[in-house]
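Down below is the structure, laid out as structure tokens.
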Amino acid sequence: MMKCRKLALTRCCLSRTLTPCRGRQVLCLLTLLMASVTLSAVALRMRGSEAPLSLSDFLHILFPLELAGHRRVPPCALLDGNDTELKGPIDADTDSIPSLAELEEWLAPSLLPGGLFIPRNCRPSHKIAVIVPFRDRRVHLKIFLRHMHPFLQRQNLQYGIFIVEQAGDGPFNRALLMNVGYREALLLHPSLDCFIFHDVDLLPLDDRIRYSCGGQPVHLSANIDVHGNKLMYANLFGGASMLTKAMMENVNGFSNVFFGWGGEDDDMSFRVRSHDMKITRYNLDIARYTMMRHVRENKNDRQKLLIDGRKRIHSDGLNSLRYERVRLDLRPLFTLIEVRINQTQVLTDQGLL
Ligand code: UDP
Ligand code: MN
């Protein structure tokens with residue numbers, strides 16, 4: 001007995017044969033688990049996360065560990081148009097507005113805190129972040145969550161939903177929020193490798209629109225009902241689009257200087273196309289979306305910003321991103337990241353003021 005107590009725990013961990021170690025191996029595994037969680041936490045702090053770590057943060061750090069347990073299951077089958085489990089065209093209920101409590105009761109049991117989902121029976125090819133820029137669209141958000149969680153789960157995807165909310169009432173900056181979502185999601189889950197940038201008011205109407213990255217950037221929302229069910233113009237990249245981590249890094253993310261409505265998606269379209277990538281889409285009869293009604297924002301003249309933006313690609317984007325994170329909340333159905341943006345500072349940084 002004495003001998004056992006004196007044996008270093010690590011020796012017990014390594015040994016299957018040492019008799020005095022019997023019964024200590026569970027303790028050993030627990031210790032190793034705690035150590036890896038602590039190390040991950042330290043690493044997370046070192047990567048610049050300012051908020052204190054909560055219990056939920058620890059759960060998030062366990063996300064990649066959770067994955068490790070999935071090595072023994074087969075890879076998730078690639079679902080395509082011929083897959084019988086996917087229904088093809090689907091409806092979207094945009095009339096009834098659920099309460100968040102109702103949604104949580106229904107959806108949260110299959111999710112991890114922060115709105116993360118891991119398929120049980122197969123090992124997914126990608127780890128996906130759905131990043132949603134947001135402010136003052138609570139009704140849309142509830143309808144979005146009700147539609148999107150089941151939609152993504154039917155595709156057997158491993159994903160998290162990240163709502164990036166702009167604080168205050170300054171001009172909305174959709175593209176900067178996308179960069180924030182990308183950066184913060186990766187800080188929480190370094191193994192994410194596929195990013196879907198998604199307006200909160202858009203709902204896919206076909207199960208065959210696969211929300212998982214491939215070899216080229218994908219413009220998902222090609223055919224939107226309120227746009228007359230046609231592709232508005234050839235280089236369109238707004239609404240819902242999908243890029244791998246490598247593609248995002250390659251183009252330095254989105255531009256940060258587009259305050260107010262419009263232009264940022266065209267700037268991103270140019271970034272992608274000028275880096276030897278091709279925007280791909282599903283056929284219009286598959287890539288169908290409905291857009292929930294909202295007031296139209298005023299259009300701004302973006303010509304100059306867009307033309308000069310071509311020279312700014314490698315100085316304006318992820319490498320110049322500045323914001324103040326005011327909240328990081330692991331809600332049952334999504335991770336909420338609230339940020340304040342200093343417009344004067346962002347524009348001054350780029351010599352635009
Ligand atoms: N958005 C938001 N609050 C706003 C403005 C925009 O949450 O006040 C987000 C939301 O995700 C929205 C997206 O930015 O779907 C694009 O804005 P909007 O729908 O106004 O653009 P449009 O559909 O007119 O291109
Ligand atoms: Mn819209």
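Scanning residues 5 or more positions from A167 or on other chains, those with amide H under 5 Å from its amide H are V339, R340, I341, with H placed 1.01 Å from N in the peptide plane.
With a Cα cut-off of under 23 Å and a minimum spacing of 8 residues unless on different chains, the lysine pairs in region 82-349 number 8. Stretching the chain fully between H314 and V73 yields a gain of 82.6 nm (0.36 nm per residue, less the alpha carbon separation). Looking at the square roots a ≥ b ≥ c of the eigenvalues of the Cα gyration tensor of region 78-222, which shape do they give, rounded for a/c under 1.5, prolate if a/b is larger than b/c, or oblate? Rounded, because the longest to shortest axis ratio a/c is under 1.5.
In a shell of Cβ-Cβ distance under 15 Å around V257, excluding V257 itself, what net charge do Lys and Arg (+1) and Asp and Glu (-1) give? So the surrounding residues net to 0. How would region 82-349 be classified by its alpha-carbon gyration tensor: rounded, prolate or oblate, with rounded meaning a/c under 1.5 and the a/b versus b/c comparison settling the rest? Rounded shape, in that the Cα axes give a/c under 1.5. Among the chymotrypsin sites (Phe, Trp or Tyr not before Pro) within region 224-269, those in coil by DSSP and having at most 13 neighbouring Cβ atoms inside 10 Å are Y233. Net length available on complete extension from L352 to R120 is 78.6 nm, with 0.36 nm assigned per residue and the Cα-Cα distance removed. Approximating the spin labels as points 7 Å out from Cα along Cα→Cβ, the R296-to-V326 distance works out to 3.1 nm. The D91 and S191 beta-carbon pair, evaluated with R₀ = 35 Å, returns a calculated FRET efficiency of approximately 0.55.
Rule-based calculations on the coordinates, nothing more; no lab input. All figures in this text were calculated on a predicted structure; none of them were measured in a lab. Using ideal geometry, Cβ is built from the backbone for each residue, glycine included, and neighbour counts are taken over all protein chains shown.
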